[in-house]
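> Pasting a structure below so you can have a look.
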Number of protein chains: 2
Amino acid sequence: MTAPIDFYFDFSSPYGYFGSCRIEALAAKYDREVVWRPILLGAVFKLTGGQPLPTIPLKSDYAHRDILRCARYYGIPFRIPSRFPVATQAPARAIYWVWDRDPPRAKALAAALLRAYFVDDRDISSPEVTAETAATVGIEREALLAALQEPAVKERLRTETDAAIARGVFGSPFFIVDDEPFWGADRMDQLEHWLKTGGW
Amino acid sequence: MTAPIDFYFDFSSPYGYFGSCRIEALAAKYDREVVWRPILLGAVFKLTGGQPLPTIPLKSDYAHRDILRCARYYGIPFRIPSRFPVATQAPARAIYWVWDRDPPRAKALAAALLRAYFVDDRDISSPEVTAETAATVGIEREALLAALQEPAVKERLRTETDAAIARGVFGSPFFIVDDEPFWGADRMDQLEHWLKTGGW
């Protein structure tokens, strides 16, 4: 039994979305499972002094161009959302709640939410949009909406984000496999090399 | 005649060094010239709020690991310098002064300085070390030491750094070809794809 790949991402991160579109195929090639772990980058940025890309001089213009170019390079359907970034508590909480019941369905929901935000320009910060999207992958809308209000579900996301920070996660996407960290969709070539060779 | 690739880097940047080891072979494959343009990242960081990697919580530990791993992945000789980062005025000024007289020799000097810092752990912030290194590629030591004190040579580096910022350069390495910007040693795959296809 090989260890799974921990895949950390924020639902508002375009590079996290690109990572999400490629990680399952990559992991399957090397017989690894993937654990999807949404986090709140805002909490991380408080620690690192990081800023959302659109607020950084020079870097924001480049990032806009790079994100569109990467989408074309990887062949991933994408458009810049009208609201960016957005708060991602609702979709992130939803994933942990569904994961505890049915991990494959949680992955399907995460993919559907990322597509809703980055392809269909839906505002997934809204619990209603999150629940509507959940319904499309067979999750009961009202049950999810109720869950999103539960203190334990809210606490779970805080705990997961804190645990991610404790492991050194500071960006999105961020992969950890066999205790080896890989930050960025652009480290997936080295992640693959790691899976293939067991380290170098 | 195709346009050259502008290669911006800071002498204190490990990723810039990795880029320097790979850009000439890549450019030659597609019949492009490379113009080497050292800049001062410190001036850029004043504008973007960027910080040297060793000062950023979480990111610094990762960067240390990632830099060593990238060197092994690319097969580039490398060790973390005992002093990092260092001021890079002396080597950067030397490059522009030599470039105006003999561009191929300026490239040889840049490569020798990067190797002195990132392989032999020499402190290239020192004008003396810069001049000694220059002597190994056939540049007259005393003439270079005198040039490094000239106001026009100092001004030249400021002008080049300002011009780089005006073009949107904010990191190292940073490549611009046909007005298309590529930031990072990890964008050299997309840079190559651009050279091959003319854009996508």
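The values are calculated or read from the model by the stated rules, or taken from the named source; none is laboratory data. Everything numeric here is computed off the predicted structure, so don't read it as measured data. All Cβ positions, glycine included, derive from the backbone under ideal geometry; neighbour counts span all protein chains shown. Each accessible area value is taken on the protein alone, full model and side chains, heavy atoms only, with ligands, DNA and RNA left out. Shrake-Rupley method; radii C 1.70, N 1.55, O 1.52, S 1.80 Å.
> Need one value: the accessible area of A:Tyr96 in square angstrom, 1.4 angstrom probe, rounded to the nearest 10.
10
> Compute, for the protein assembly as shown, the length of the dipole vector about the Cα centre, with Cβ point charges of +1 (Lys, Arg) and -1 (Asp, Glu) only. Units Debye, rounded to 20.
Once rounded to the nearest 20, the dipole reads 40 debye.
> Any chance you could get the radius of gyration and Dmax over the Cα atoms of chain B, in Å?
Rg then Dmax for chain B, in Å: 16.2, 49.
> If you take the charge dipole of chain B about its Cα centre, with +1 on Lys and Arg Cβ and -1 on Asp and Glu Cβ, which of B:Trp36, B:Pro151, B:Ser60 is farthest toward its positive end?
So the residue furthest toward the plus end is B:Ser60.
> Can you list the residues of the range B:112-132 with backbone N under 13 Å from a point 7 Å past the Cα of B:Ser82, pointing along Cα to Cβ?
Within reach of a label on B:Ser82: B:120-124.
> About its Cα centre, what dipole magnitude does the range B:5-197 give when the only charges are +1 on Lys and Arg Cβ and -1 on Asp and Glu Cβ, stated in debye to the nearest 20?
Numbers: 24 positive and 26 negative charges, 87 e Å.
For the range B:5-197, the charge dipole is close to 420 debye.
> Mind listing the long-range amide H neighbours of A:Val86? Cut-off is under 5 Å, sequence gap 5 or more, other chains count too, H placed in the peptide plane at 1.01 Å from N.
none
> Same structure again: Run the label-point distances for A:Arg83 please: 7 Å along Cα to Cβ, every other copy, nanometres, shortest first.
So the distances to the same position in the other copies read 5.2 nm.
> Hey, another quick one. Would you list, by chain and number, the lysines whose Cα falls below 22 Å from the Cα of A:Lys107, excluding same-chain residues fewer than 8 positions away?
A:Lys29, A:Lys154
> Could you pull the copy-to-copy label distances for A:Phe45, with points set 7 Å along Cα to Cβ, in nm to one decimal and sorted shortest first?
So the distances to the same position in the other copies read 2.0 nm.
> Given Cα positions, please report Rg to Rh for the protein assembly as shown, the hydrodynamic radius being the Kirkwood one. Numbers along the way, then the final one.
Numbers: Rg = 23.3 Å, Rh = 22.8 Å.
Rg divided by Rh gives 1.02.
> I would also like to ask the following. Between A:Glu180 and B:Asp120, how many nm apart are label points set 7 Å from Cα along the C-beta direction?
Taking the simple label geometry, A:Glu180 and B:Asp120 are separated by 3.3 nm.
> Taking the rotation that carries A onto B, look along its axis and tell me which residue of A has the beta carbon nearest to it, distance in whole angstrom.
Taking the axis that maps A onto B, the answer comes out as A:Asp186, 2.
> Assign unit charges at the C-beta atoms only (+1 for Lys and Arg, -1 for Asp and Glu), then state the dipole size of the range A:149-195 relative to its Cα centre in Debye, rounded to the nearest 20. The partial results should precede the final answer.
Values: 5 positive and 10 negative charges, 54 e Å.
Using Cβ point charges on Lys, Arg, Asp and Glu, the range A:149-195 gives about 260 debye.
> Counting only other chains, what is the mean number of Cβ atoms within 10 angstrom of the Cβ of each residue in peptide B:175-183? The partial results should precede the final answer.
Numbers: counts 0, 0, 0, 0, 0, 2, 5, 3, 6.
That average works out to 2.
> Taking the Cβ of A:Lys107 as the centre, find all other residues whose Cβ is under 15 Å away and add up their charges (Lys, Arg: +1; Asp, Glu: -1).
Numbers: positive: A:Arg22, A:Arg32, A:Arg37, A:Arg101, A:Arg105, A:Arg115; negative: A:Asp6, A:Glu24, A:Glu33, A:Asp100, A:Asp102.
Its environment carries a net charge of +1.
> While we're looking at this one, here's another question. Quick one: label points 7 angstrom along Cα→Cβ at A:Arg72, distances to the other copies in nm, smallest first?
Computed spacing set for this position: 3.7 nm.
> Under the Karplus relation 6.51 cos²θ - 1.76 cosθ + 1.60, θ = phi - 60°, what is the ordered set of whole-Hz ³J(HN,Hα) values for the range A:111-116, x standing for Gly and Pro?
Each residue's phi maps through the Karplus curve to give 4, 5, 5, 5, 5, 4 Hz.
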